[in-house]
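S.K.: Okay, handing you the structure first.
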Amino acid sequence: MTITEVILRVTIAFLGLFLLARLMGRKEISQMTFFNWTSAIGIGSITANLAVNQNLSIRNGVIALVIWTLYTLIMGFIDIKSKQGRRVTTGDPLVVIKDGKIMESALKKSRVDLDELQALLRQKSVFSLKEVDYAILETSGYLSVLKKESQLPVTKSDIGGFSPKTSIFPLATEVISDGKVNEENLSKLNLNQTWLEQELKKENIQSVSDVLY
């Protein structure tokens, strides 16, 4: 392989990767779900081979990059349009601590042990499980933590003696997504379709299909 060919390959690989990354969008670099990780590894490998592997022609390398990118875009479209597809490509967030109690089944499902959980909590400046009300392991691998009320910082409303009404739902729960009712969550909240329809009417919404979230 001549120096000229090396420069040409690297230039094409760099420009191709840059343009395709821009095309796939910011989500590809902002968070690494299972789908994003697979996509990034594949594109990185193809680009590396295109740059230095003389057994791979420039044409075939570019074609491989384009096809892989098309697969990524198609999967991304499915991810946006289908909740079931989203569960396959990115998975579901898992509640690993609920009401201050560790959910062993969720830890087993996510293959996270107690040491890893404590390490993730320390990254959130939480050094004791007693401080945590809820903790959710996101599909990107990050841990979202809701501390107990006694552990939250003082606000102006606290200083002023204002005591807001305690919500019967300690954690925000999705009941409609992409125009479809989440019957499982409604059941967990001890609510029904009638209650949901009444709440929608209060917002002048006539149909569940009109609601994104």
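S.K.: Please enumerate the residues belonging to the range 170-188 that are of a type in the set (A, V, I, L, M, F, W, C) and surrounded by 14 or more Cβ atoms within 10 Å (Cβ to Cβ).
M.R.: If the condition is that a residue be of a type in the set (A, V, I, L, M, F, W, C) and surrounded by 14 or more Cβ atoms within 10 Å (Cβ to Cβ), then Val175, Ile176, Val181, Leu186 are the ones that fit.
S.K.: In addition: Working carefully through the options Val52, Val88, Val95, find the one that is over 30 Å from Gly16 (Cα atoms) and surrounded by 11 or more Cβ atoms within 10 Å (Cβ to Cβ). I'd like the intermediate steps shown before the answer.
M.R.: On the way: Val52 fails: over 30 Å from Gly16 (Cα atoms); Val88 fails: over 30 Å from Gly16 (Cα atoms).
One residue alone meets the criteria, Val95.
S.K.: I would also like to ask the following. Could you please let me know if Lys147 is buried (at least 16 other Cβ atoms within 10 Å of the Cβ), modelled with pLDDT of 85 or more and either within 20 Å of Leu212 (Cβ to Cβ) or among the charged types (D, E, K, R) (or both)?
M.R.: For Lys147, the condition - buried (at least 16 other Cβ atoms within 10 Å of the Cβ), modelled with pLDDT of 85 or more and either within 20 Å of Leu212 (Cβ to Cβ) or among the charged types (D, E, K, R) (or both) - is met.
S.K.: What do you reckon, is Val96 in a loop (DSSP other than H, G, I, E, B), within 30 Å of Val132 (Cβ to Cβ), modelled with pLDDT of 75 or more and touching a strand residue (DSSP E or B) at 6+ places or on another chain (Cβ under 8 Å)?
M.R.: Considered against the rule, which asks whether it is in a loop (DSSP other than H, G, I, E, B), within 30 Å of Val132 (Cβ to Cβ), modelled with pLDDT of 75 or more and touching a strand residue (DSSP E or B) at 6+ places or on another chain (Cβ under 8 Å), Val96 comes out as no.
S.K.: While we're on this one: So which of Asp115, Asp79 ends up being assigned to a helix (DSSP H, G or I), loosely packed, with under 13 Cβ neighbours inside 10 Å and charged (D, E, K, R)?
M.R.: Values: Asp79 fails: loosely packed, with under 13 Cβ neighbours inside 10 Å.
When all the criteria are applied, what remains is Asp115.
S.K.: Mind telling me which of the residues Ser105, Ser110 ends up being of a type in the set (Gly, Ala, Ser), open to solvent by less than 100 Å² (accessible area, probe 1.4 Å) and free of Cβ contacts under 8 Å to residues at least 24 places away in the same chain?
M.R.: From the options Ser105, Ser110, the qualifying one is Ser105.
S.K.: Let me ask you something else. Just one of Ser167, Ser140 is part of a loop (DSSP other than H, G, I, E, B), under 30 Å from Ser82 (Cα atoms) and at pLDDT below 85; which is it?
M.R.: Exactly one residue qualifies, and that residue is Ser140.
S.K.: Please specify each residue of the range 115-128 satisfying the condition of being aliphatic (A, V, I, L, M) and farther than 15 Å from Gly141 by Cα.
M.R.: Matches in the range 115-128: Val126 only.
S.K.: Also, I was wondering about something else. What number of residues within the range 65-76 are surrounded by fewer than 11 Cβ atoms within 10 Å (Cβ to Cβ) and within 15 Å of the chain's Cα centre (by Cα)?
M.R.: Selection size over the range 65-76: 0.
The values are calculated or read from the model by the stated rules, or taken from the named source; none is laboratory data. These figures come from a predicted structure and were not determined experimentally. Note that we place each Cβ from the backbone using ideal geometry, even for glycine, and neighbour counts take in every protein chain shown. Note: accessible area is taken over every heavy atom of the protein model, side chains too, but ligands, DNA and RNA are not part of it. Shrake-Rupley method; radii C 1.70, N 1.55, O 1.52, S 1.80 Å.
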